[in-house]
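Visitor: Dropping the structure in here first, questions after.
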């Protein structure tokens with residue numbers, strides 16, 4: 001069946017977005033949830049622009065590996081193929097949790113075969 005010309009698809013209803021900042025204050029004027037943060041890499045201060053969720057996750061990963069946040073970011077910086085450091089950090093965090101999730105799914109499938 002082809003698409004009907006001249007008809008718009010029905011609206012998609014998304015859940016409300018929580019626009020609270022790290023202090024728990026609501027941001028009434030809808031400021032960007034992205035925050036510029038400083039980190040030292042190889043003795044040089046640089047800034048990255050990240051959402052709170054990515055920053056918190058990055059700190060959790062560093063703590064789990066028992067390394068400093070600066071050491072983790074330096075490793076990400078060294079390994080990145082292209083793009084800016086902020087994007088590389090987001091991709092690193094996403095990959096970290098995807099690997100953990102796929103590992104959990106594999107273990108669950110092994111424990112309970114279909």
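Visitor: Once label points are set 7 Å from the Cα along Cα→Cβ at both residue 98 and residue 71, what is their separation, rounded to one decimal in nm?
Guide: 2.7
Visitor: To the nearest 0.05, how large is the calculated FRET efficiency for residue 84 and residue 59 if R₀ is 35 Å and r is the Cβ-Cβ distance?
Guide: Computed FRET efficiency for residue 84 and residue 59: 0.95.
Visitor: Let me ask something additional. Kirkwood Rh and Cα-based Rg: tell me the resulting Rg over Rh for the range 34-111, rounded to two decimals. Display every interim value, and only then the final one.
Guide: On the way: Rg = 13.9 Å, Rh = 13.4 Å.
For the range 34-111, the value is 1.04.
Where a number appears in this text, it was derived from the coordinates with a stated rule and is not lab data. Since this is a predicted model, take the numbers as computed values, not measurements. Cβ sites come from the backbone with ideal geometry, for glycine too, and all protein chains shown count toward neighbours.
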